[in-house]
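Chemist: One structure coming up, written as structure tokens, with questions to follow.
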Amino acid sequence: GRSLCGHCKELAPKWAEAAAKSKKLDTPVPLAKLDADAHGDLAGRFGVSGYPTLKLFRNGVAEDYSGGREADQIVAALQKIASFVPPSQIKSDDDLAAALKASAGKPLVLGLFRQPVKASSAYKAFDKLAYETAGQQVAYAWSGSHNAPP
């Protein structure tokens with residue numbers, strides 16, 4: 001089957017090493033593997049067509065993993081996921097004051113979106129930017145409007 005392909009055989013020990021290291025992170029991140037031949041329904045559900053395919057699940061949403069395939073590179077990507085603080089939601093002046101205080105002097109980028117916020121492509125781009133800049137000197141927050149403009 002496909003699990004015997006050369007790239008899969010090459011990745012297997014690196015994946016096992018990354019799995020062992022990821023369990024020891026400050027915030028452990030589980031790694032799993034799946035035989036796409038035996039579980040074709042799941043492979044199809046997540047758009048797996050080539051092997052090996054690596055997927056990240058962030059907030060329950062699958063993303064293609066395009067990072068390095070050495071154990072330490074995989075673990076570094078997992079550390080980023082584990083340390084990522086998603087943008088906070090601002091519902092009141094008190095929430096905004098708390099977000100400003102939590103940003104500890106870093107610039108605070110405030111995204112304003114129409115409802116339903118998390119379904120919007122603009123929010124998804126905002127969240128992706130927040131993730132990609134995790135660990136940098138900037139904080140993110142968002143608010144949604146309940147009133148659609150004319």
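Chemist: For V138 and D72 in one chain, what is 0.36 nm times their gap in residues minus the Cα-Cα distance, to one decimal in nm?
Modeler: On the way: separation 66, 0.36 × 66 = 23.76 nm, distance 2.60 nm.
Computed gain between V138 and D72 is 21.2 nm.
Chemist: Mind scanning K101/K128; K33/K106; K80/K101; K80/K118 and naming the pairs with a C-alpha gap bigger than 28 Å? Present the calculation step by step, with values, prior to reporting the outcome.
Modeler: Numbers: K101/K128 23 Å; K33/K106 39 Å; K80/K101 23 Å; K80/K118 21 Å.
In this structure, K33/K106 lie more than 28 Å apart at Cα.
Chemist: Just tell me which aspartates and glutamates come within less than 13 Å, Cα to Cα, of K55; anything on the same chain fewer than 8 places away is out.
Modeler: Hits, sequence-local ones excluded: E63, D64.
Chemist: Take the alpha carbon atoms of the range 1-78, find their radius of gyration, then divide it by 2.2 N^0.38 Å using N residues; give the quotient. Before the final figure, lay out each step's value.
Modeler: Numbers: Rg = 12.5 Å, N = 78, 2.2 N^0.38 = 11.5 Å.
Expressed relative to 2.2 N^0.38 Å, the Cα Rg reads 1.09.
Chemist: Moving on to the next point. Of H39, Y51, Q79, which is farthest along the charge dipole of the range 31-84 in the positive direction, counting Lys and Arg as +1 and Asp and Glu as -1 at C-beta?
Modeler: It is Q79.
Chemist: Given 20 °C and 1.002 mPa s, compute D for the range 26-150 with the Stokes-Einstein relation, Rh being the Kirkwood radius over Cα pairs; round to the nearest whole µm²/s. Each step should come with its number before you reach the end.
Modeler: Numbers: Rh = 17.0 Å.
Answer from the Stokes-Einstein relation: 126 µm²/s.
Chemist: Another question about this same structure. If contacts are Cα pairs under 8 angstrom and at least 6 residues apart, what is the relative contact order of the chain in percent?
Modeler: Numbers: 155 pairs, mean separation 31.7, N = 150.
Value for the chain: 21 percent.
Chemist: While we're looking at this one, here's another question. How much area per residue is accessible in the range 1-148 when the probe is 1.4 Å and only protein heavy atoms are counted (Å²)? Mind dumping the intermediate values first?
Modeler: Values: 9750 Å² over 148 residues.
The answer is 66 Å² per residue.
Chemist: Could I ask something else about it? Normalised by the number of residues in the range 13-70, what is the relative contact order in percent for Cα pairs under 8 Å and 6+ residues apart? The partial results should precede the final answer.
Modeler: On the way: 30 pairs, mean separation 13.5, N = 58.
Computed value for the range 13-70: 23 percent relative contact order.
Chemist: Out of A99, A134, A38, any idea which swings most in a Gaussian network model of the chain, alpha carbons joined below 10 Å?
Modeler: Top of the fluctuation ranking is A38.
Chemist: How large is the charge dipole for the range 22-133, taken about the Cα centre, if only the Cβ atoms of Lys, Arg (+1) and Asp, Glu (-1) carry charge, to the nearest 20 debye?
Modeler: Working: 15 positive and 13 negative charges, 34 e Å.
Approximately 160 debye in magnitude.
Chemist: Which is the longest stretch in the chain that no exposed loop site breaks, taking sites as trypsin sites (Lys or Arg not before Pro) with a DSSP loop state and at most 11 other Cβ atoms within 10 Å?
Modeler: Details: sites that count: K23, K24, K91.
Formally, the longest exposed-site-free interval is 25-90.
The values are calculated or read from the model by the stated rules, or taken from the named source; none is laboratory data. Since this is a predicted model, take the numbers as computed values, not measurements. Heads up, the Cβs are rebuilt from the backbone with ideal geometry, glycines too, and the neighbour counts pull from every protein chain shown. All accessible areas refer to the heavy atoms of the entire protein, side chains included, with ligands and DNA or RNA removed. Shrake-Rupley method; radii C 1.70, N 1.55, O 1.52, S 1.80 Å.
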